[in-house]
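Read the structure below first, then the notes.
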């Protein structure tokens, strides 16, 4: 399975100590260099910056051959989408609404941080409730009721 990631899913999975799920669920994960640059910025949490200083073997950093110019999405999203298209990826990991819509228009299958956690829960790898509680402690953008709806649907009491 070929999966490409944008910065956001990596960022939040690192913060909630669940980034280990990615190789378990997908094997190798690809990301363009700009995604690693975004994760390494000084304003990024130290835990995330530390992770980027010693990348795991399962993360393949690869530059896309061609990135179309667009102002609709940021550079990381554009390069992740371009790389996913070049690799004929099975999925792209992305959270940003504009990026997700752009990727869908490009014919890509998209999942995000929540999708990774839901898949991991269904494979018996995590407690979805605990992972979402950890995610609530971050600045992950969501509606006020989203996490409760996800837990109710995928991990009822």
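Please treat every number below as a calculation from the coordinates, not as lab data. Everything numeric here is computed off the predicted structure, so don't read it as measured data. Every residue, glycine among them, receives a Cβ derived from its backbone with ideal geometry; neighbour counts consider all protein chains shown.
With a ≥ b ≥ c the root eigenvalues of the C-alpha gyration tensor of the stretch 1-151, is it rounded (a/c under 1.5), prolate (a/b larger than b/c) or oblate?
Because its axes are fairly even, with a/c under 1.5, the stretch 1-151 counts as rounded.
Distance in nm between label sites at residue 145 and residue 41, each 7 Å beyond Cα in the beta-carbon direction?
3.3 nm
Going by how many other beta carbons lie within 10 Å of each one, how would you line up 60, 116, 34, 100, fewest first?
60, 100, 34, 116
What list do you get for 38, 86 if you sort them by fewest beta carbons within 10 Å?
86, 38
Just to confirm my numbers, what's the Cα centroid distance between the stretch 1-17 and the stretch 75-140 in Å?
If we compute the Cα centre of each part, the gap is 7 Å.
Could you state the angle between the C-alpha long axis of helix 75-86 and the longest principal axis of the C-alpha atoms of the chain, as a value from 0 to 90 degrees rounded to the nearest 10?
On a 0 to 90 degree scale, this one is about 80.
Quickly estimate the mean residue ellipticity at 222 nm for the chain, helices only: each DSSP H run with n ≥ 4 gives -39500 (n - 2.57), and the total goes over all residues, rounded to 500.
-14000 deg cm²/dmol
Using a 7 Å offset from the Cα along the Cα-to-Cβ direction at both residue 49 and residue 75, what is the distance between the two label points in nm, to one decimal?
So the label points at residue 49 and residue 75 sit 1.9 nm apart.
With a cut-off of 8 Å between alpha carbons and a minimum separation of six or more residues, what is the relative contact order of the chain in percent?
The value is 27 percent.
Got a sec? How would 94, 1 order by Cβ neighbour count within 10 Å, fewest to most?
Ranking 94, 1 by Cβ neighbours within 10 Å, fewest first, gives 1, 94.
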